[in-house]
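Below is one structure, written out as structure tokens; comments come after it.
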Amino acid sequence: MSETPTLEVRNLQTHFFTREGVLKAVDDVSFTVRAGEIMGLVGESGSGKTVTGFSVLGLVDPPGRIVGGSILFKGEDLAHAGEERLRALRGSRIAMIFQDPMMTLNPVLRVDTQMTEAILAHEQVSERAARARAAAALAMVGIASPEERLLAYPHQFSGGMRQRVAIAIAMLHRPDLIIADEPTTALDVTIQGQILYEVQKLCRETGTALVWVTHDLTVVAGLADTVSVMYAGKIVEQGRVDDVLDRPLHPYTNGLLGSVPSRNRRGQKLRQIPGMTPSLLRLPQGCAFRSRCPRADQACTEMPALAELAPGHLARCVHPHLETAGA
Amino acid sequence: MLVFIIRRLLQSLLALAVMSLLVFVGVYLIGDPVAILASPDATEVDREQIARALGLDRPLWEQYAVFVGEALRGNFGKSFVFGQPAMGLIFERMGATVELALVATVVSILVGLPLGIYAGLRPDGIAGRSIMAGSILGFSLPTFWVGLMLIMIFAVQLGLLPASGRGQVGSFLGLHSSLFTLNGIVHLILPATTLALVRAATTIRLARAGVREVLHMDYVKFARAKGLPERRVIGVHVLKNIMIPIVTVTGLEIGSVIAFAVVTETIYAWPGMGKLLIDSIVNLDRPVVVAYLIVVLFILVMLNLIVDILYSVLDPRVRLGEQKG
């Protein structure tokens, strides 16, 4: 385990400087992903998980900016890298898959254009060689008669097919790291299963590290090795996937798990987390979850630190569920 | 595609028929051309002679029937005033107008598109804001005033450019245009600039709005995530998407510029067809007015067709065959 991790994010802070005030979308986030490892980055909408992903690629739109921390990609700090260096890494060493496959492919460009340009942006190869590689990539993600499909436009593909194309594009350069931003949320369950399987297989085969951003805990359960749970811009729980899902320490993770319908609890009332995600502009003092937390008390008005409460299992909570953790 | 083009052309024939009827009746209602053509001291006999020579003594429906019959054989009648074929008169002057309109359009795109894209990329910068302020001026300043000011500055004060007329016309590959001589180009600069100003302002606004919208699309971010150089992201991914409205509007505007460049042509004494139309309306020279509008309609129909075809080239989601209209 002495090798450099593929991605090591340390105390990342990405803030948005809006007219209403500074929005701390990502506030002190740290995690590590090693080669061939899959990390689930879980959180509700607005928890900062997507911005975290974009921060790694240096694609945060203004008025957002990385204001602190470091993003070590194989030891190289991307938070302070120049635009040209980032561009060279994007697509070739670090790839991204987006949430909505209907929107990620340019509607007015043919699939072959969008694939070969991704190859030619990083490698000096002939147009013909690029095409051949594009076709091979399409075949790899299970698209039939790839040569023919290369000539099609995105609107001639179904949603699942488009996401496969996007994944094929992401895999073109056999990147070291893929950031997948809820890539299966917009798809049918059957397609979702197929794509999860493909991605998992590809990562294991190529040793690609994967950050899977999602709000779906069941996906994480079947896919990831480790999981980081985000709430209001901060990591609230982190650890091996079995530890976190079986013995959640943070009441928020616990609440998330409780709101997933399960066969084991048939007939019982589905638990839900009361209230809504707070606005990042009006966070309560201390723990951001305390207004919705059944365990909150006076002590929670002070922000707890992310602490290792069980071996390799971290949580940011004053009153963690230690009883279930069996520690 | 072919079906689409044929259907489109048939529709335009219908439009042509309706329009010619309207113009025919309209000009008839305005006044009697004979009163203008005959000299003030002409006798009643002279007037009847003129009317008979021009076919104006017959009832209106009969005149229209004769016109349609002749038009179907490609004869659009002779000008009451010049005694020459109306179409010939128009084509003689059309070259100058088309040349002016095309140059103005090209200039407006060459100027408007980059400025608009820049303003879209940097909407809050000083340059971006200035471009937008400038485009508002381009919209709101009346053409005749801009023309006069340009003449004042560049022709009168600085003496750099000629103020009126079309310069030397050169010919190249059988085409006659002032673009082929230096003198001709110098004469084109001021009128083309005047005419281009409003179009450039339109293009700037369309390009800026398009860029602002497209820039936030996922596919632009995805293009960046692929590691494409910024010039390819903007020059291909963004540009191709914003071209759709720009091509539409520009295509349609070329038509109206050709048809109604009257003001600019008048200011710069440009020997185009706009002036001919005004004169013909004043003289109630019906064959020329009708022929002129037929030409204009034809140009507009053609431009529409070209725009639709370009549209399907630019946006693969558009299928011409299925389109109604």
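The values are calculated or read from the model by the stated rules, or taken from the named source; none is laboratory data. Not measured: the values here are computed from a predicted model. Cβ: placed from backbone, ideal geometry, glycine included. Neighbour counts: every protein chain shown. Side chains included, ligands, DNA and RNA excluded: accessible areas come from the protein's heavy atoms. Shrake-Rupley method; radii C 1.70, N 1.55, O 1.52, S 1.80 Å.
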| Looking only at Cα atoms, what is the convex hull volume of the protein assembly as shown per residue, in Å³? | 234
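Once you have a ≥ b ≥ c as the square roots of the Cα gyration tensor eigenvalues for region A:1-122, tell me rounded if a/c is under 1.5, and otherwise prolate or oblate according to whether a/b is larger than b/c.
Judged from the Cα gyration tensor, region A:1-122 comes out oblate (a/c at least 1.5, b/c at or above a/b).
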| query | How big is region B:89-314 in terms of Cα radius of gyration and Dmax, in angstroms? | reply | 19.7, 66
| said: Just to compare against my own numbers: the Cα pair-distance distribution for region B:2-100, 5 Å bins, whole % per bin, please. | reply: 2, 10, 15, 20, 19, 15, 9, 5, 3, 1, 1, 0
| task | Give me Rg over Rh for region B:218-305, both radii from the alpha carbons and Rh done the Kirkwood way, two decimal places. | result | 1.31
| task | Take every DSSP beta bridge with both residues inside the protein assembly as shown and express the antiparallel ones as a percent of the total, to the nearest 5. | result | 65
| On the accessible surface of region B:219-294, probed at 1.4 Å, how many percent belong to carbon and sulfur atoms? | 71
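If you take each beta carbon of peptide B:231-242 and count the beta carbons of other chains within 10 angstrom, what is the mean? Spell out each step's value before the answer.
Numbers: counts 0, 3, 1, 0, 0, 6, 6, 1, 1, 5, 4, 0.
Mean number of neighbouring Cβ atoms from other chains: 2.
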| What does the helix-only formula give at 222 nm for chain A: each DSSP H stretch with n ≥ 4 adding -39500 (n - 2.57), the total divided by the residues, and the result rounded to the nearest 500 deg cm²/dmol? | -9000 deg cm²/dmol
| remark: Mean Cβ-within-10 Å packing, highest first, puts peptides B:87-94, A:226-233 in the order A:226-233, B:87-94
| task | Enumerate the helices in chain A for which the Kyte-Doolittle hydropathy averages -0.5 or more and the C-alpha atoms extend at least 15 Å along the helix's axis, using complete DSSP H runs. | result | A:127-140, A:159-171, A:189-206
| Estimated 222 nm signal from helices in chain B, with DSSP H stretches of n ≥ 4 weighted -39500 (n - 2.57), rounded to 500 | -23000 deg cm²/dmol
| task | Over region B:2-72, with every protein chain in place, what whole percent of the accessible area is carbon and sulfur at 1.4 Å, could you tell me? | result | 70
| task | Could you sort the residues of region B:292-319 by number and keep only those whose accessible area is reduced by 30 Å² or more in the all-protein-chain setting relative to the chain alone, 1.4 Å probe? | result | B:P316, B:R317
| Which whole-number percent of Cα pairs in region B:166-237 have a distance greater than 14 Å? | 72
| said: Taking the solvent-accessible surface of protein heavy atoms with a 1.4 Å probe, what is the per residue accessible area of region B:2-72 in Å²? | reply: 66
| task | Return an integer: the convex hull volume of the alpha-carbon atoms of region A:259-312, in Å³ per residue. | result | 142
| task | May I ask you to give the solvent-accessible area per residue for region B:202-308, in square angstrom, as obtained with a 1.4 angstrom probe? | result | 35
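Pairs to check: A:K49/B:K221; A:K74/B:K226; A:K24/A:K49; A:K49/A:K269; B:K78/B:K275; A:K24/A:K234. Give those whose C-alpha atoms are more than 21 Å from each other in this structure.
Cα-Cα > 21 Å for A:K49/A:K269; rest within.
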| remark: For peptide A:110-123, the mean count of other chain Cβ atoms within 10 Å per residue Cβ is 3
| remark: Here, trypsin sites (Lys or Arg not before Pro) of region B:236-320 satisfying both criteria (DSSP loop; at most 13 other Cβ within 10 Å) are B:R317, B:R319
| query | Which whole-number percent gives the relative contact order of chain A, counting Cα pairs below 8 Å spaced six or more residues apart? | reply | 21
| Relative contact order, percent, of chain B when contacts are C-alpha pairs under 8 Å separated by at least 6 residues? | 26
| Coordinate range along principal axes, alpha carbons of region B:85-187, Å, largest first | 55, 32, 28
| said: Across region A:1-69, what fraction of all alpha-carbon pairs, as a whole percent, falls in each successive 10 Å bin from zero upward? | reply: 19, 50, 24, 6, 1
| remark: Given B:208-215, A:197-204, B:194-201, B:103-110, the highest-first ranking by average Cβ count within 10 Å works out to B:194-201, B:103-110, B:208-215, A:197-204
